[in-house]
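Chemist: Here's a structure for you.
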Amino acid sequence: MDTLALVLVIIGAINWGLIGLFQFDLVAAIFGGANSALSRIIYGLVGLAGLYSFKFLFGDREKTQ
């Protein structure tokens, strides 16, 4: 689950970078527009993955010596 969340967060980050730099929404381009059902599902999954990733920020950290 952690790997899937990380992949989705990376996809979201790349998409936002493309939007910010080039005004190009890659998810919308691939899945038929920003308002298509599939695009909205992808956006939702990326958002959920971002929320899930908070556990990495506040989770227990192993100390290395």
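Chemist: Can you give the calculated 222 nm mean residue ellipticity of the chain, where each DSSP H run of n ≥ 4 adds -39,500 (n - 2.57) and the sum is split over every residue, rounded to the nearest 500 deg cm²/dmol? Spell out each step's value before the answer.
Modeler: Values: 4 runs with 48 residues, N = 65.
Result for the chain, helices only: -23000 deg cm²/dmol.
Chemist: Tell me, what does the Kirkwood hydrodynamic radius of the chain come to in angstroms if you use every pair of distinct C-alpha atoms?
Modeler: Roughly 13.0 Å, rounded to one decimal.
Chemist: A follow-up question, please. Please give the charge dipole size of the chain, origin at the Cα centre, charges +1 on K and R Cβ atoms and -1 on D and E Cβ atoms. Round to the nearest 20 debye.
Modeler: 60 debye
Chemist: What spacing in nm lies between the two simple spin-label points modelled at Thr3 and Leu45, each 7 Å away from Cα in the Cβ direction?
Modeler: Result for the modelled spin labels: 1.6 nm.
Chemist: OK, next. Using the Karplus equation 6.51 cos²θ - 1.76 cosθ + 1.60 (θ = phi - 60°), what ³J(HN,Hα) coupling, rounded to whole Hz, does each residue of the range 33-50 give in order, writing x for Gly and Pro?
Modeler: Values per residue, Gly and Pro as x: x, 5, 9, 6, 4, 5, 4, 5, 5, 4, 4, x, 5, 5, x, 5, 5, x Hz.
Chemist: Give me the extension gain from Ala13 to Ala29: residue separation times 0.36 nm, minus the current Cα-Cα distance, reported in nm with one decimal.
Modeler: Working: separation 16, 0.36 × 16 = 5.76 nm, distance 1.58 nm.
So the chain would gain 4.2 nm between Ala13 and Ala29.
Chemist: Let me have the relative contact order for the chain, percent, based on Cα pairs under 8 Å that are six or more residues apart.
Modeler: Once divided by the residue count of the chain, the mean separation gives 36 percent.
Computed from the coordinates by the stated procedures, all read-outs in this text should not be read as laboratory data. Predicted model only: the values in this text are computed from it and were never measured. Reconstructed Cβ throughout: ideal geometry from the backbone, glycine too, with neighbour counts over all protein chains shown.
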